[in-house]
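Report on the following structure.
The values are calculated or read from the model by the stated rules, or taken from the named source; none is laboratory data. Just so you know, these numbers come straight off a predicted model, no measurement behind them. Cβ coordinates were reconstructed from backbone atoms using ideal geometry, including for glycine residues, and neighbour counts include every protein chain displayed. When the accessible area is computed, the model is the full protein with side chains, heavy atoms only, and any ligands, DNA or RNA have been set aside. Shrake-Rupley method; radii C 1.70, N 1.55, O 1.52, S 1.80 Å.
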Amino acid sequence: MLKDFAKLHTFLTVIKEKSFSKASAKLGISQPAVTQQIKFIEEYLDTKIVERKKNGIKLTKEGEDLYRIAVRLEKAINSSEKELLKIINKEFTFVIGSSYAIGNYIMPRYLGEIKEKINNEVYMNVGMSEELIDAIEDKKIDIALIESPVFKDGIIYREWMEDELVVFSNQPIPKQLRREDMYNFDWICRDEKSHTRRLTSETFEEIGVECASFNVIGVVQSPTAIKESVMRSPKDAARPVVSVISRHVIQDEVANGTLFEARIKGHKIERKLYIAYGKERKHDAFVDNVVNYLLSLKV
């Protein structure tokens, strides 16, 4: 008997993503676990519901019938979420841990809406991704929004949104940077533990750039320090001061012409941002409500 909606939710995710592997990534569970849940439904119903094809998946007739039923159930469950939270009626502070770029530049505009969603106070704790995962394990925070998936057992990781790292300066620089251009700047770098630093170094190595040959004038620990250092550097310097940063951090300044961004020719430094929380909170109504809200954002 299907005692909960979890397996049907997996089924719906497979159909929406048109892929077992993509459903696995979105749900934060292994692909074999997704396959096992679909198999459970098929054994319970004693019929085939999904057929795997080279170009994706296809529903059987029985699968299409189940899909219609599952969609109706999902809508009913979603519409009942607010009422469920009212019944639970807990008074507590929901703690979100965020890495620097996310906590300082993406999330502040959404905290009020999250507070309304769960009808409780929301607190933001900003730190390094590794520290935030430790905080989840120690039950000091409820969920973490991170730029580096520090994979550990007992933690669910959900792919959240795409992010891009760009080179930027407070004076115009070529929009497409060639290898030789990289040596014409003064650099401000992130500390070595930074995920941004690691990703950037990998890309520089691919194009044959020696970071050790850069003229580095400073090393800082946060995107805010990077941004402020570049913004306050001389705008008429013969060698522009540059660094690498998330586009989310400087999007307003780029839009109003205060800062200028550039990409490395032929390369795009991209990464995924993740939502992480403990497996024991998988069916927690508050965590589920916040996670679903975050996944719905179009940033």
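A few notes on this one:
- Hits in the stretch 21-51 (condition: over 22 Å from residue 153 (Cβ atoms) and either open to solvent by less than 20 Å² (accessible area, probe 1.4 Å) or within 21 Å of the chain's Cα centre (by Cα) (or both)): 22, 38, 41, 49, 50
- Restricted to the stretch 134-156, and to residues there that are within 25 Å of residue 203 (Cβ to Cβ) and open to solvent by less than 20 Å² (accessible area, probe 1.4 Å), the residue that is farthest from the chain's Cα centre (by Cα) is 148.
- Candidates are the residues of the stretch 235-250 that are open to solvent by less than 80 Å² (accessible area, probe 1.4 Å) and outside any strand (DSSP E or B); the one that is farthest from residue 200 (Cα to Cα) is 237.
- Flag if residue 163 is of a type in the set (D, E, K, R) and open to solvent by 20 Å² or more (accessible area, probe 1.4 Å): no
- Selection count, the stretch 251-299, where residues are open to solvent by less than 30 Å² (accessible area, probe 1.4 Å) and in contact with a Pro (Cβ under 8 Å, 6 or more places away or on another chain): 2
- Selection from the stretch 53-86 of residues that are modelled with pLDDT of 85 or more and either part of a loop (DSSP other than H, G, I, E, B) or not aliphatic (A, V, I, L, M) (or both): 58, 60, 61, 62, 63, 64, 65, 67, 68, 72
- The residue that is nearest to residue 101 (Cα to Cα), counting only those in the stretch 190-202 that are in a helix (DSSP H, G or I) and open to solvent by 80 Å² or more (accessible area, probe 1.4 Å), is 198.
- Of all residues making up the stretch 203-221, the number that are open to solvent by 90 Å² or more (accessible area, probe 1.4 Å) and farther than 13 Å from residue 244 by Cα: 5
Matching residues to (1) out of contact with any Phe, Trp or Tyr (no Cβ under 9 Å at 6 or more places or on another chain); (2) modelled with pLDDT under 95; (3) under 29 Å from residue 274 (Cβ atoms):
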{"site": "152", "(1), (2), (3)": "yes, yes, yes"}
{"site": "156", "(1), (2), (3)": "no, yes, yes"}
{"site": "160", "(1), (2), (3)": "no, yes, yes"}
{"site": "163", "(1), (2), (3)": "yes, yes, yes"}
{"site": "170", "(1), (2), (3)": "no, no, no"}
{"site": "178", "(1), (2), (3)": "yes, yes, no"}
{"site": "182", "(1), (2), (3)": "no, yes, no"}
{"site": "189", "(1), (2), (3)": "no, yes, yes"}
{"site": "193", "(1), (2), (3)": "yes, yes, yes"}
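- The one condition from (1) touching a strand residue (DSSP E or B) at 6+ places or on another chain (Cβ under 7 Å); (2) modelled with pLDDT under 90; (3) aliphatic (A, V, I, L, M); (4) in a loop (DSSP other than H, G, I, E, B) that residue 209 does not meet is (1).
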